Amino acid sequence: MAIQISSGLRNHMLISGSFKSGLDGGVLKIFAGAMPSTADADSSALTVLCTISLDATGTGITFASTVSAGILAKNASEIWRGQITATGTASFFRWMAISDTGALSTTEKRVQGTVGLAGADLNFSSLSFVSGNYKVIDSLNVALPLI
């Protein structure tokens, strides 16, 4: 399955802003269970294993201020990590605003994708998350190919 963007992010990029401006200041939530069919769909009742923020402070994370060869990377000066709050097996992620409740929305700016060991949208060395531990994302790149 490919990365999914929400209606809110799509509309933001078409009218008023960039991918970066739509997502900067948000958090990346890692979930257990079945991934919703779209990034607009409700995720509020699903199990959040971990919320990745700026050094686990709850402050939003950002992308780099420059692009190289069509690739937007994680802001290298930031530590992206979160404390695991529930034990389980990671299956998908959502990048969303801190204030986003996860309810059904066509206006929230979100990105949703798979989590795996290899070949997923976001890869980890282990999908087993244990409550109390921390999860760190050292690198994350978003590529936009030439059309």
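The values are calculated or read from the model by the stated rules, or taken from the named source; none is laboratory data. Treat the numbers as computed from the prediction; the structure is a model and nothing was measured. All Cβ positions, even for glycine, are placed from backbone atoms using ideal geometry, and neighbour counts span all protein chains on display.
Observations, loosely collected:
- For segment 106-121, a residue qualifies if it is out of contact with any Ser or Thr (no Cβ under 7 Å at 6 or more places or on another chain) and either of a type in the set (Val, Ile, Thr) or touching a residue at least 24 places away in the same chain (Cβ under 8 Å) (or both), and the qualifying residues are Thr107, Val111, Gln112, Gly113, Thr114.
- Hits in segment 92-141 - residues which are on the phi > 0 side of the Ramachandran plot and either among the hydrophobic types (A, V, I, L, M, F, W, C) or modelled with pLDDT under 95 (or both): Gly119
- Residue among Arg81, Arg94 that is under 24 Å from Thr107 (Cα atoms) and buried (at least 16 other Cβ atoms within 10 Å of the Cβ): Arg94
- Here is the figure for segment 21-55: residues that are in a loop (DSSP other than H, G, I, E, B), free of Cβ contacts under 8 Å to residues at least 40 places away in the same chain and small (Gly, Ala, Ser) total 2.
- The test for being in contact with a strand residue (DSSP E or B) (Cβ under 9 Å, 6 or more places away or on another chain), surrounded by fewer than 12 Cβ atoms within 10 Å (Cβ to Cβ) and farther than 19 Å from Ser44 by Cβ holds for Gly132.
- When restricted to residues that are in a strand (DSSP E or B) and either at positive phi or free of Cβ contacts under 8 Å to residues at least 12 places away in the same chain (or both), segment 66-81 contains 3.
- Cross-chain or 6+ apart pairs with Cβ under 8 Å, segment 82-101 first and part of a strand (DSSP E or B), then among the hydroxyl-bearing types (Ser, Thr, Tyr) and modelled with pLDDT under 95: none
- Of all residues making up segment 102-112, the number that are farther than 17 Å from Met35 by Cα and assigned to a strand (DSSP E or B): 0
- When Leu146 is tested against (1) in a loop (DSSP other than H, G, I, E, B); (2) closer than 17 Å to Phe31 by Cβ; (3) aliphatic (A, V, I, L, M), exactly one condition is not met: (2).
- Ile61 within 27 Å of Tyr134 (Cα to Cα), touching a residue at least 12 places away in the same chain (Cβ under 8 Å), surrounded by 20 or more Cβ atoms within 10 Å (Cβ to Cβ) and not charged (D, E, K, R): yes
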